[in-house]
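Contents: one structure, followed by commentary.
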Amino acid sequence: MRFIKLALLILAMASLASGAMAARQTYAHQEYFEHYEGTATCLECHEEEAESFFHSQHYQWQGEAPGIVDSGGRKLGKMNTMNDFCTNPAANWIGQSKNDAGTILARGCSACHAGLGKQPEPELSRDQLENIDCLICHAKGYRREVYETEDGGWEWRPILWKNQRGLDSVAGRIVSPERGMCLRCHSGAGGGPNFKRGDIEYALKECEPEFDVHMASTGNDMHCVSCHAGDDHRVRGRGADLSGTDSPGAPLDCTECHDPQPHDQKALDHHTARVHCTACHIPTFAKDDATDMRRDWSTPKYHEEADKYSATITFGKDVVPVYAWYDGRTKSQFMGEKVWRREDGAIPMMTPVADRGDKKAKIYPFKLHEGVLPLLDGKEWLVPLQVEEFFADGDLEHAVAAGARAAYGIDHPEYTWVETIRYMGIYHEVVPASEALGCLDCHGEDGRMDWQQLGYKHDPMDRIFD
């Protein structure tokens, strides 16, 4: 009897070992090189792909901006524009900000750049190609950390950089980018889980159809690249508050997969001409992690448990979007140029320019983010902050001065705090059709639409009952 049990145990272990071996063998790149020695290893076979990636937005952090009104043909993106979250990478690129206990609070904006620490340059070079971190998007289980170099600079290295065997194993796990790989940057942007976007949560990695019908692991199990992948590392799609686009000639829309009038109900299909799918099919966002709805940089806040400073941030959960007309065009503020204001005095960082009279425009849902930022006296230029050191010391005056120096070469800025707003498109966390908005959610007495803001005198449905 013992012999039978032992034989069964041996067979079970052999089966597990065989299964593990089969799992390892699914990563074909493990057979392509003996040791991973940085990006140079990838370039031996993939230099053409690296060159195409070098020109992409994921590396350059700027691109063509036909959707930005008054862009004047300029390439725009994170590197040369300003936002109301961490403001701009110029003074915040790479390093380690630590509190008194030695805990790392921030590593710089390059934590989400697909490079190894050098800033992107416009001219292609071997140095720039070897700066590309292919593994950050393509290797399952890859992790990296920022390290100080011998010359006092900083660079990103795999956490296994001293463990060649482990690094070789991870470097061989090459796959097309999966949800988790994209989410570690796109969900973590802005300082924390779901702080920035609102509709791109870590929960999307493993969720049910009730959370998102497209990416549900128990449903359609789509990955980000299922919709956004383009040719030559050119990602498709552009959020309403993003400057550049990788694929200006290949916009992304629901109708690529769904019929333009899919409801088989005349009353509903009538809406699709002027109401975008997302307006009805994303009733709320920030369903799992709360999102940053207002960031006031003029009022530092100290977090005792984390021993860290931040702006004063107001969060929201299960947020009902605001709605506005959008036709792909956005008006932005430009760094080093005098700001423009709305009639109420607010400074829009990004706002759609369409209105009801634009026939190509549809009603879209948005996250309306508010901010408080410094404005340079006299010139009325928005000033970025050096936020990395601020997290550790809370020195707001230094943060603004260092930001002004990095952006404009100004050492002693005089400035005023001003209110800003940003319209951020909501495109993810699509619910099942049964959970989509009904007629009275928008047209009822307590409907969510601000009809006057949308250019109507009153609820359009009122005409039916007049």
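Mind checking which pairs have a first residue in the stretch 358-387 that is of a type in the set (Phe, Trp, Tyr) and a second that is modelled with pLDDT under 95, Cβ under 9 Å, 6 or more apart or different chains? Short answer, once both residue conditions are applied: Tyr364/Ala240; Phe366/Ala240; Phe366/Asp241. Within the stretch 409-424, how many residues are farther than 22 Å from Val320 by Cβ and surrounded by 18 or more Cβ atoms within 10 Å (Cβ to Cβ)? Final tally of qualifying residues: 3. For the stretch 192-213, name all the residues that are under 27 Å from Asp84 (Cβ atoms), surrounded by 19 or more Cβ atoms within 10 Å (Cβ to Cβ) and not aliphatic (A, V, I, L, M). Asn194, Phe195, Lys196, Arg197, Gly198, Asp199, Glu201, Asp212, listed by residue number. Residues in the stretch 255-276 that are surrounded by 17 or more Cβ atoms within 10 Å (Cβ to Cβ), touching a Pro at 6+ places or on another chain (Cβ under 9 Å) and without any contact (Cβ under 8 Å) to a residue 60 or more places away in the chain: Thr272 alone. List the strands (runs of 3 or more DSSP E) inside the stretch 258-342, counting only whole elements, that have at least 1 residues being over 30 Å from Thr103 (Cβ atoms), modelled with pLDDT of 95 or more and among the hydroxyl-bearing types (Ser, Thr, Tyr). Hits in the stretch 258-342: 322-326, 330-332.
Residues checked against (1) over 26 Å from Gln60 (Cβ atoms); (2) of a type outside the set (Lys, Arg); (3) in contact with an Asp or Glu (Cβ under 6 Å, 6 or more places away or on another chain):
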residue: Glu123; (1), (2), (3): no, yes, no
residue: Arg126; (1), (2), (3): no, no, no
residue: Leu135; (1), (2), (3): no, yes, no
residue: Arg143; (1), (2), (3): no, no, no
residue: Ile159; (1), (2), (3): yes, yes, yes
residue: Gln164; (1), (2), (3): yes, yes, no
residue: His186; (1), (2), (3): no, yes, no
residue: Glu206; (1), (2), (3): yes, yes, no
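Could you list, in sequence order, all residues of the stretch 430-463 that are of a type outside the set (Lys, Arg), in contact with a helix residue (DSSP H, G or I) (Cβ under 7 Å, 6 or more places away or on another chain) and either at pLDDT 95 or above or under 18 Å from Thr284 (Cβ atoms) (or both)?
Val430, Val431, Ala436, Leu437, Gly447, Met449
Annotation note: of Ala189, Ala240, Ala250, Ala216, the sole residue that is at negative phi, within 22 Å of the chain's Cα centre (by Cα) and surrounded by fewer than 17 Cβ atoms within 10 Å (Cβ to Cβ) is Ala250. Is it the case that Gly102 is out of contact with any strand residue (DSSP E or B) (no Cβ under 8 Å at 6 or more places or on another chain) and farther than 21 Å from Arg197 by Cβ? Answer is yes for this residue.
Among the residues making up the stretch 34-60, those that are surrounded by 14 or more Cβ atoms within 10 Å (Cβ to Cβ) and either without any contact (Cβ under 8 Å) to a residue 12 or more places away in the chain or not in a helix (DSSP H, G or I) (or both) are Tyr36, Glu37, Gly38, His55, Ser56.
Residue-wise test of (1) over 21 Å from Lys78 (Cβ atoms); (2) more than 25 Å from the chain's Cα centre (by Cα).
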| position | (1), (2) |
| --- | --- |
| Tyr309 | yes, no |
| Met335 | no, no |
| Met350 | no, no |
| Glu380 | yes, yes |
| Phe391 | no, no |
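The values are calculated or read from the model by the stated rules, or taken from the named source; none is laboratory data. Predicted model, so just to flag it, every value in this text is computed and none were measured. Glycine also receives a Cβ, built like all others from the backbone with ideal geometry; neighbour counts cover every protein chain displayed.
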